[in-house]
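Please find one structure pasted underneath; my questions will follow.
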Amino acid sequence: MPGRSQDKPAKPAAPFVLVIHGGAGVVTTELTPEREAAVRATLEQALRAGHAVLEKGGASLDAVIAAIKILEDSPLFNAGKGAVLTAEGTVEMDASVMDGATRKAGAVAGVKHVKNPIELARMVMEKTPHVLLAGEGAEVVAKQHGLPLMPPDYFITEPRRQQLKRVQEQEKSGKKKAQHETNAERTGTVGAVALDQHGNLAAGTSTGGMVNKKFGRVGDSPIIGAGNYADNRTCAVSGTGHGEFFIRSVVAYDIAALMEYKGLSLAAAADEVVMKKLKALGGSGGVIAVDGKGNIAMPFNSEGMYRGVIRADGRPTIAIRKE
Ligand code: ASP
C-alpha cells in the first residue's frame, strides 16, 4: 500500500565530509617545492584514509582517527614521529578526541612513548571514566590496552634537533624575540573533523606542542573546548596555533556556543572567533570546522595553514596559502 512505512525511502544519508589540518604555522616563503609536494602527498593520503571509512558508512570518529594516524606517522608534521622538542630535547605529545553524538571526550597530555597519541585519547574516552590523563598514568593505559609504544629515538628527527638548536641559540643571543613565539617554529600540529553518513560529528587533534617549551607545558590541543570540540547540535572543531591563546579564548567551544546561543552560521562563528577575538588577544592560528549539514569553515589569521577537504565524490582538495 502506498504510503506505508516500508515504501518510504530510507532517510537520506548525510553529505559526509572530512576536513584535516597539518598546522597553521607554515611560512610559505620558506616552503621548498620538494617539501610542499611531500606535505601535499601526505595530506592527500590522510584524506583518502578517512574517506575510505566514511564511504562505507563508518563513524566520523573512526575517520578522524584514521586520517590523524597517517599524519602522526609522518615525520613532516608536529605530531607523533617528528614532534617538536622541549627545551630539554625530549618529546611530549598531547592529543584529544570528541564524539559529537554523545559529547564524550578523551585526551592525553605529555606522553613520550605512545606511537599514536590520538588512539590513546580514544582509549581514555572509551575505557576509563576520565577525560584527560597526563604523563605516566596515560602511558599505563596505553600498555594495558596494547597500544604500540616506541623509544624516544623513534619520535626525534634530525630537523627537529636542528630546529631546537637554532631556536635556543637565537634566544640566547637575545637578538630576536623568543622564536617559539613566532609562527614559523611550530608548524605541523594535526587535526581532523568529520561528518559521517549518519549525521554524526567528531573532532580530533594531535601535537608535539611548541618547540623549546618547558617540560610539563600543556597546550590547547588536549583541552576540550580550547583546541578540540564536537557536538552534533552545532559543529566539530580542531584548532592549531599558539596554544596559550587558544586556551584563554576557549576557541573551539566558543565557535559552538556562538552557533548554539546566538544562532550564527558555522562560517560566521568561526570567523568571529579566529579572525576577531583570537587575533585581538594576539593569538595566531586557525581552525577547521564542520557542521551537521556538511558546511565547512577553515579560517586562519596566520600566513598559511596546511589544510584539506574530501567529500563523497572522493576528490581531495588541499591548500596551504590564503585563497
Ligand atoms: N596548538 C599547539 C600547541 O600550542 C601548537 C600548534 O598548533 O602549532 O601546543
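Residues that are in contact with a strand residue (DSSP E or B) (Cβ under 9 Å, 6 or more places away or on another chain) and among the acidic types (D, E): list the strands (runs of 3 or more DSSP E) wholly contained in region 1-111 that include at least 2 such residues.
By residue number, 93-99.
Testing T86 on (1) under 25 Å from G225 (Cβ atoms); (2) out of contact with any Lys or Arg (no Cβ under 6 Å at 6 or more places or on another chain), one condition comes back false. Which one is that?
So the condition that T86 fails would be (2).
I would also like to ask the following. Would you say T28 is in contact (Cβ under 8 Å) with a residue 60 or more places away in the chain, over 29 Å from H198 (Cβ atoms), surrounded by fewer than 18 Cβ atoms within 10 Å (Cβ to Cβ) and of a type in the set (S, T, N, Q)?
Taking the combined requirement at face value, the residue satisfies it.
Pairs under 7 Å by beta carbon, first residue without any contact (Cβ under 8 Å) to a residue 12 or more places away in the chain and over 16 Å from G282 (Cα atoms) in region 223-248, partner in a helix (DSSP H, G or I) and within 14 Å of the ligand (Cβ to nearest atom), six or more apart or different chains?
none
Please go through region 149-166 and give me each residue that is in a loop (DSSP other than H, G, I, E, B) and surrounded by 14 or more Cβ atoms within 10 Å (Cβ to Cβ), ordered by number.
M150, I156, T157
Are any residues in region 46-72 within 17 Å of H198 (Cβ to Cβ) and β-branched (V, I, T), and if so, which ones?
V53, V64, I65
Additional query: Suppose the filter is in contact (Cβ under 8 Å) with a residue 60 or more places away in the chain and surrounded by fewer than 20 Cβ atoms within 10 Å (Cβ to Cβ); does E92 pass it?
Answer is no for this residue.
Quick one: what pairs do we get from region 294-309, first residue over 20 Å from E272 (Cα atoms), second among the hydrophobic types (A, V, I, L, M, F, W, C) and in a loop (DSSP other than H, G, I, E, B), C-beta under 7 Å, 6+ apart or different chains?
Cβ pairs passing all conditions: Y306/V26; Y306/I320.
Name the residue, out of G314, G283, that is touching a residue at least 40 places away in the same chain (Cβ under 8 Å), away from the ligand (no atom under 15 Å from the Cβ), part of a loop (DSSP other than H, G, I, E, B) and over 15 Å from the mean Cα position of the chain (by Cα).
From the options G314, G283, the qualifying one is G314.
Can you spot a residue in region 73-81 that is in contact with an Asp or Glu (Cβ under 9 Å, 6 or more places away or on another chain), within 16 Å of the ligand (Cβ to nearest atom) and at pLDDT 95 or above?
Checked region 73-81: at least one residue is in contact with an Asp or Glu (Cβ under 9 Å, 6 or more places away or on another chain), within 16 Å of the ligand (Cβ to nearest atom) and at pLDDT 95 or above.
What single numbered condition from (1) crowded, with 24+ Cβ neighbours inside 10 Å; (2) out of contact with any Phe, Trp or Tyr (no Cβ under 9 Å at 6 or more places or on another chain) fails to hold for A63?
(2)
The values are calculated or read from the model by the stated rules, or taken from the named source; none is laboratory data. Note that this is a predicted model, so its numbers are computed, not measured. All Cβ positions, glycine included, derive from the backbone under ideal geometry; neighbour counts span all protein chains shown.
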